[in-house]
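Below is one structure, written out as structure tokens; comments come after it.
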């Protein structure tokens, strides 16, 4: 389902948009931990590693900084 590099990761950090049984089953078959919180509409709550999921925030901040620096470097940001 998800194309992975040659070296398989230990875990997948994803938002609850990726909370589907098919993705979870695919990750379980590949022996990859799913750090995906369950959707609020799920009847059976699925536990996830909260400490590992917090690392996702650091990745999101890194992409935010890259976008800001790109705007400054390419002069998209016209403020002086």
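Among the residues of the range 21-30, is any part of a loop (DSSP other than H, G, I, E, B) and without any contact (Cβ under 8 Å) to a residue 24 or more places away in the chain? Walk me through it before giving the result.
Here is the first cut: in the range 21-30, the ones part of a loop (DSSP other than H, G, I, E, B) are 30.
Checking which are without any contact (Cβ under 8 Å) to a residue 24 or more places away in the chain leaves us with none.
Checking the range 21-30: not a single residue is part of a loop (DSSP other than H, G, I, E, B) and without any contact (Cβ under 8 Å) to a residue 24 or more places away in the chain.
Looking for whichever is out of contact with any strand residue (DSSP E or B) (no Cβ under 8 Å at 6 or more places or on another chain), at positive phi and modelled with pLDDT of 80 or more here; the options are 67, 54, 31. Which one fits? Walk me through it before giving the result.
Values: 67 fails: at positive phi; 54 fails: at positive phi.
Selected residue: 31, the only one of 67, 54, 31 that is out of contact with any strand residue (DSSP E or B) (no Cβ under 8 Å at 6 or more places or on another chain), at positive phi and modelled with pLDDT of 80 or more.
Only one of (1) at pLDDT 85 or above; (2) at negative phi; (3) loosely packed, with under 10 Cβ neighbours inside 10 Å; (4) not in a helix (DSSP H, G or I) fails for residue 5. Which number is that?
Against the list (1) at pLDDT 85 or above; (2) at negative phi; (3) loosely packed, with under 10 Cβ neighbours inside 10 Å; (4) not in a helix (DSSP H, G or I), residue 5 comes up short only on (1).
The values are calculated or read from the model by the stated rules, or taken from the named source; none is laboratory data. Only a predicted model underlies this, so the values are computations on that prediction, with no experimental measurement involved. Note: ideal-geometry Cβ built from the backbone for every residue, glycine included; neighbour counts use all protein chains shown.
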